[in-house]
């Protein structure tokens, strides 16, 4: 499996969502209206550091737009960014509510892209993904809805790929050592003990070095 960042592969629904969000950010920064008729701040975004005359809402919008240009963010991550910039909580809530209304902030779409990226790049299972989404500030209900779309058989297949890759560097080791290391690797990636035991046993049984003469 190849390593990826938090972006989706070309042509996927997740990438289309990401490109749509980025296009919306670009339109907002350029002062162009969105296709749905929602307006955006006209002219270049104001500086992130407000002066005495700066409109705090305009500053907050600029901070959010800049943050979203680099990569998708959860609402909680944007809230933390605004707090670091000294934005009042009520202003941050108002601006982020508006961003959600026009589709620039969408925790469900963010979670879908995040999950796909981490499964492809690191082979994470649902338990680990739930933990990482929680750390990103995605609420448990949204995270659970996205993670429920992962098929158990597909998760088992990913575990097999991880084990097969790890075994390439474990030739010659005793079976008990291989089992312990593989189980630790899968546990760190969030796989259940049931899936781990099954996949490890099947993979080791298939190796010539563990087959009986």
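Take the residues in segment 97-116 that are more than 16 Å from residue 137 (Cα to Cα) and crowded, with 20+ Cβ neighbours inside 10 Å; name whichever of them is nearest to the chain's Cα centre (by Cα).
The residue in question is 116.
Being touching a residue at least 24 places away in the same chain (Cβ under 8 Å), surrounded by 10 or more Cβ atoms within 10 Å (Cβ to Cβ), touching a helix residue (DSSP H, G or I) at 6+ places or on another chain (Cβ under 6 Å) and part of a helix (DSSP H, G or I): is that true of residue 163 here?
Yes.
Is it true that residue 65 is at negative phi, part of a helix (DSSP H, G or I), within 25 Å of the chain's Cα centre (by Cα) and modelled with pLDDT of 90 or more?
It is true that residue 65 is at negative phi, part of a helix (DSSP H, G or I), within 25 Å of the chain's Cα centre (by Cα) and modelled with pLDDT of 90 or more.
Need the failing condition index for residue 192 against (1) more than 11 Å from residue 125 (Cα to Cα); (2) touching a residue at least 60 places away in the same chain (Cβ under 8 Å); (3) in contact with a helix residue (DSSP H, G or I) (Cβ under 8 Å, 6 or more places away or on another chain), just the number.
Among (1) more than 11 Å from residue 125 (Cα to Cα); (2) touching a residue at least 60 places away in the same chain (Cβ under 8 Å); (3) in contact with a helix residue (DSSP H, G or I) (Cβ under 8 Å, 6 or more places away or on another chain), residue 192 violates only (1).
Being over 17 Å from the mean Cα position of the chain (by Cα) and in a loop (DSSP other than H, G, I, E, B) is the filter here, so list the residues in segment 73-96 that pass it.
Result: 85, 86, 87, 88.
List every residue pair whose Cβ atoms sit under 6 Å apart, with the two residues 6 or more apart in sequence or on different chains, where the first one lies in segment 167-180 and is under 15 Å from residue 201 (Cα atoms) and the second, anywhere, is assigned to a loop (DSSP other than H, G, I, E, B).
Going by the 6 Å Cβ cut-off, the qualifying pairs are 178/170.
Return yes or no: is residue 134 in the same structural domain as residue 196 (by TED's automatic domain parsing) and assigned to a helix (DSSP H, G or I)?
Here the answer is no, as residue 134 does not meet what is asked.
Please name all residue pairs, on different chains or six or more residues apart, with Cβ atoms under 8 Å, provided the first residue is in segment 76-90 and is without any contact (Cβ under 8 Å) to a residue 60 or more places away in the chain and the second residue is loosely packed, with under 12 Cβ neighbours inside 10 Å and in a helix (DSSP H, G or I).
Note: pairs meeting the criteria are 83/89.
The values are calculated or read from the model by the stated rules, or taken from the named source; none is laboratory data. What you are looking at is a predicted structure, and each value in this text was computed from that prediction instead of being measured. Note that each Cβ is placed from the backbone with ideal geometry, even for glycine, and that neighbours are counted across all protein chains shown.
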